[in-house]
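See below for the structure under consideration.
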Amino acid sequence: MCSPFYARIEASTSRLFIVAFFVVDSFAGKVLKDDRVNKKFAKSDPNRLTTNLKAFVEVAAHCAGAKYKGKNMKNAHKNMGVTEGEFKAVAEDLVKTLDEFKVPEKEKSELLAAIGPTQKDIVGKPGNMMTGTDLPANFKPAAPLKAKAPMKKM
Ligand code: HEM
């Protein structure tokens, strides 16, 4: 079952995915504009990032039928040198987005509680509260998502 908030506002599964789509799109847009963290995204494929982030959030919100096909959090953020301060900055951007979409307190804290435990796998520099740090040269981005094959003409 999907988080009751999403289930309440949109009963049908396809619409529910559209809700997650807008929330995550707005969140990803905020993160990419945020100078405290956006250096880390310089080498990454934005299409892969938003696609996989959407699926990750849908799974975290218990959306029926949601499937996450990206890397686990440790591998996805390996050699990225993410500081604790940068993790907090991204979490702040997420809270701002959820507030803009008027997600009620209960569902907001449920989603944040699901994402909180990822901190230990994502942060490479615990206790370091700096933000805007450079992407280390040895970071290797994941392969870009392949574009879908065009429909065959009949
Ligand atoms: C709030 C907790 C976070 C969650 C839930 C999260 C989740 C994700 C997910 C699901 C992916 C996609 C993995 C894939 O495509 O295989 C990803 C990739 C990425 N994340 Fe995060 N992330 C978080 C925090 C951060 C922070 C704090 C930073 C940097 C400041 C960051 C930087 C990145 C980058 C650059 C990628 C692309 C990696 C690549 O191209 O290989 N993330 N993240």
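The values are calculated or read from the model by the stated rules, or taken from the named source; none is laboratory data. Owing to the predicted nature of the structure, the values given are computational and were not obtained by experimental measurement. Counting neighbours? That spans all protein chains shown, and the Cβs are built from the backbone with ideal geometry, glycine included.
Observations
- Boolean, residue 67 is within 17 Å of residue 21 (Cα to Cα) and out of contact with any helix residue (DSSP H, G or I) (no Cβ under 9 Å at 6 or more places or on another chain): no
- Test set (1) of a type in the set (Gly, Ala, Ser); (2) in a loop (DSSP other than H, G, I, E, B); (3) closer than 24 Å to residue 46 by Cα - residue 91 fails condition number: (2)
- Options 103, 23, 37: the member that is within 8 Å of the ligand (Cβ to nearest atom) and in contact (Cβ under 8 Å) with a residue 24 or more places away in the chain: 37
- Test: residue in region 4-23 that is crowded, with 17+ Cβ neighbours inside 10 Å, at pLDDT 75 or above and not charged (D, E, K, R): yes
- Inside region 96-121, residues that are among the β-branched types (Val, Ile, Thr) and either loosely packed, with under 14 Cβ neighbours inside 10 Å or not in a helix (DSSP H, G or I) (or both) make up a count of 1.
- Criterion (touching a strand residue (DSSP E or B) at 6+ places or on another chain (Cβ under 6 Å), within 9 Å of the ligand (Cβ to nearest atom) and not small (Gly, Ala, Ser)) met by exactly one of 83, 51: 83
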